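The values are calculated or read from the model by the stated rules, or taken from the named source; none is laboratory data. The model shown is predicted, which means the values in this text are computed figures rather than measured ones. Please note: Cβ atoms are built from the backbone with ideal geometry, for glycine as well, and neighbour counts cover all protein chains shown. Just so you know, the surface numbers come from the protein's heavy atoms only, side chains and all, with ligands and any DNA or RNA stripped out. Shrake-Rupley method; radii C 1.70, N 1.55, O 1.52, S 1.80 Å.
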Amino acid sequence: MTAILIVVLPLNLPKWFGYEIYGIVSGSMEPEYPVGSVVYVKDASPREVAVGDVIVFRMGTNTDLTGTHRVIGINEETQEYITKGDANPEADKDPVAFSRLVGKAVLCIPLLGRLSAGLHTTTGIIVCAAIFAGSLACWALAECLKGKERGK
């Protein structure tokens, strides 16, 4: 039960405080943001983003796919960010329009994304259900044993 809470709380509790959670699926931001990590993203207006910030942005205007890269320049005139993955040798070919900004990355938890993805598989669901059922059985057994102790 504790194992489930250790995974579930970091994936859900931040949403109550206005953070979105995104998975890192490529190595472009390593080593700071390793593949399999999750990043917590806070809404930000284009004016709140500075050079050096890591942002999450929609990859295009007609897609929900996102990218996570560091801002290395800001073009106020064209309202675009120049971005680059930390592990990439050069800046991204296409600048990111302010309108595609999702928010600023504020926290990264390595491996939580892989664990979360594993929990969404059939095996992961079965393991979670088994842990939950085992916890309930142990709790019920403990209650029965306490009742017998009181009855003596």
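Confirm whether ASP64 is over 29 Å from SER135 (Cβ atoms) and at pLDDT below 85. In short, yes. The listed residues are ASP53, ASP64, and the only one of them that is open to solvent by 70 Å² or more (accessible area, probe 1.4 Å) and under 23 Å from SER99 (Cβ atoms) turns out to be ASP64.
Taking every residue in segment 120-135 that is within 24 Å of GLY23 (Cβ to Cβ) and pairing it with any residue that is at pLDDT below 75 and among the β-branched types (Val, Ile, Thr), at least 6 positions away or on another chain, the pairs with Cβ-Cβ distances below 7 Å are CYS128/ILE4; ILE131/ILE4. If only residues of segment 83-93 that are within 16 Å of VAL56 (Cβ to Cβ) and of a type outside the set (Lys, Arg) are counted, the one that is most open to solvent (accessible area, probe 1.4 Å) is ASP86. Cβ-Cβ distances below 6 Å connect the following pairs, each with a first residue in segment 27-49 that is of a type outside the set (S, T, N, Q), a second residue that is in a loop (DSSP other than H, G, I, E, B) and open to solvent by less than 20 Å² (accessible area, probe 1.4 Å), and a separation of six or more residues or different chains: MET29/GLY85; TYR33/ILE24; VAL35/ILE24.
When GLY52, GLY113 are checked against the criterion of being modelled with pLDDT under 80 and either of a type outside the set (Val, Ile, Thr) or assigned to a loop (DSSP other than H, G, I, E, B) (or both), a single residue qualifies: GLY113.
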